[in-house]
Amino acid sequence: MGITLFFLVLAPLCLIWANRPERLIQLMVIMGIFEASAAITIGGFGIAPNTLPALTLVGYIGTQFLLGARYPGRARVWPLAVPLIVVSAWAILTSWLSPRFFEGRVYVWPQKSTPPFVITLLSPGSANLNQDLYLALNIVLFVMIALYTTRQGPPGRAFHPVSILHAYFASVLIAFGFGVWQFASDVAHVPFPSDMLYSNPGWSILTEQTVGSLPRINATFSEPSAFGGYMAAGAFCAGWLILNDFPGTLVRIILVASIAGVLLSTSATGIVSLAIGALIVVLMGLTLHAKRFLPMIKRRAIQFLILSILLMVLVTVMAPNLLTSLGTIFDSVTNKQDSESYNARSSTDLDSLQAAFDTFGLGVGWGNNRSSSLIPGLLAAIGIPGMLGLIWFGWRLVSRVRSLHRMNRKLEDIQVVNGASAALVGYLVPACVSAPTITSATFYVFLALLVSGIARAEGAQASRTPARLFPPAERRQPEPRQDTRDRPLQHSWVITQ
């Protein structure tokens, strides 16, 4: 067993903040960018840095449950969380049953293999055990954080869910900083802590890649597409919050840094995700929020066009070689379909869809197959029943978010809902392009923030409804009228909630 610098830093922080769940959540979000690192290594397995604050958080909130703690939004959180819990239980159950029912009859791509990478027959084994453990931990985190973040907090220590958004913004800036640092290392040979950042033996680290003469940057992530996808999610979150009047200049800095990070990664996944995000915003501006968003989109588009022209003129004069590099990136994105990696990814996705078909739509089980993109991977893993459960879960969230559109968008809970939903879309879009699954704990933190934000906002909305004087079951017959001419007037009001 090996202990890294991450463990030496995180272990004391987890002990200091053991009774401060909000600090542990923030620490977990920030540490989520170090996915290629390990806090502890055990043989060929590495424990990610954000696992330490996650386990500390589970221990604290679990102890609170055992001591009888009850959070105010539980009645609204549980109905929203049940579909995802059911799907997760189905995924873990099929991870054990499917390899035994369909042994030797279905071809799958294993989660971990060594070159030459080959497709193999499905068979029972323990290779998917760590995937089941990560899924179970993420679901437990989702439920606990969703319940905990519905609390208001005691006077003087009120809990503000928007602070978790600020932690996410900090993680985007840190990831961008490491990306610039790595670029400087590749270009000017500045020392870069690659041994510390890529210390997880469970990940295949793709470094020293180039696009033409440009180095590809993966910063703290295992590959450039992961870095580009994370920065694209930051752009989704920041851009949507700007359109919804999020205060401060930090969110605008995040938007610029996120777009620059995507370009720095030279990742086709990140660039395509940004284009899809811009298209989504324009479509929503033309349809659902035309009165509010369309003038703003036109104004921002004109500002962006003017800024782009100025930048192109400056770049042409001061760094003409940069335009050639940008052209190389553009060519690599547009010609991606002709590359060998694209053909290999497409073949993997087709094989995953075939595995779902060969199991009669039931799936090969969680962790038994590795695809190239999210949808074929989910179909192969959890089958049609699991996908229907996820659609049910997503539809309920979308319908509840839309029901809050009449509330003031400057309220903190509404801003949290907007930021969390945009970040989730920012995770899903790159994953649908080129990621087999979403295992990041930060994704489940945002999912919990969205559910708890809906619960808090609906609770605040319900508390502003006028209370009736007497519920129907408690109304009494009026008493006989008495002569009160010689008595002072008396009024008695009974208000029940």
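Our coupling estimate for segment 46-58, obtained by passing each phi through the Karplus curve with A = 6.51, B = -1.76, C = 1.60 and θ = phi - 60°, is x, 8, 5, x, 6, 5, 5, x, 5, 5, 4, 5, 4 Hz, Gly and Pro reported as x. Shown here: segment 399-463, whose C-alpha atoms stretch 43, 19, 18 Å along the first, second and third principal axes, sorted largest to smallest.
Could you calculate the FRET efficiency of A75 with A18 from 1/(1 + (r/R0)^6), where r is the beta carbon distance between them and R0 is 22 Å, rounded to 0.05? Taking R0 as 22 Å, the efficiency between A75 and A18 is 0.20. Accessible surface for segment 123-189, divided over its residues, is 43 Å² per residue with a 1.4 Å probe.
The packing ranking of peptides 277-284, 120-127, highest mean first, is 277-284, 120-127, where packing means the average number of other beta carbon atoms within 10 angstrom of each residue.
The amide H of T439, built 1.01 Å from its N in the peptide plane, has no neighbour under 5 Å, considering only residues 5 or more places off or on other chains. In order along segment 67-78, phi translates into HN-Hα couplings of 7, x, 5, 10, 9, x, x, 4, 5, 9, 6, 4 Hz, rounded to whole numbers, per the Karplus curve 6.51 cos²θ - 1.76 cosθ + 1.60 with θ = phi - 60° and x for Gly and Pro. Packing, as the average of other Cβ atoms within 10 Å across residues, places the peptides 223-229, 46-52 in the order 223-229, 46-52, highest first.
Extending 7 Å from the Cα toward the beta-carbon at both A278 and V9 defines two label points whose distance is 3.5 nm.
Contact order, relative form, for segment 48-190: 25 percent (alpha carbon pairs under 8 Å, 6 or more residues apart, mean separation divided by residue count). Note that segment 421-430 has calculated 3J(HN,Hα) couplings of 5, 5, 5, 5, 4, x, 6, 6, 5, x Hz, one per residue in order, obtained from phi through the Karplus relation 6.51 cos²θ - 1.76 cosθ + 1.60 (θ = phi - 60°); glycine and proline are x.
Separation of segment 125-147 from segment 75-102 is 11 Å, based on Cα centroids. With a simple spin-label model that places each label point 7 Å from the Cα along the Cα-to-Cβ direction, the separation between I375 and V256 comes to 3.7 nm. Using a cutoff of 8 angstrom between alpha carbon atoms and counting only pairs six or more residues apart, the relative contact order for segment 27-123 works out to 15 percent. By its C-alpha gyration tensor, with a ≥ b ≥ c as the square roots of the eigenvalues, how is segment 1-120 shaped: rounded for a/c under 1.5, else prolate for a/b larger than b/c, else oblate? Note, shape of segment 1-120 comes out oblate. Summing +1 for each Lys or Arg and -1 for each Asp or Glu among the other residues whose beta-carbon sits under 14 angstrom from that of V29 gives -1. Between L129 and F159, the simple spin-label model (points 7 angstrom out along Cα→Cβ) gives 3.4 nm.
The values are calculated or read from the model by the stated rules, or taken from the named source; none is laboratory data. Every value quoted in this text rests on a predicted model; they were computed, and no experiment measured them. All Cβ positions, even for glycine, are placed from backbone atoms using ideal geometry, and neighbour counts span all protein chains on display. When the accessible area is computed, the model is the full protein with side chains, heavy atoms only, and any ligands, DNA or RNA have been set aside. Shrake-Rupley method; radii C 1.70, N 1.55, O 1.52, S 1.80 Å.
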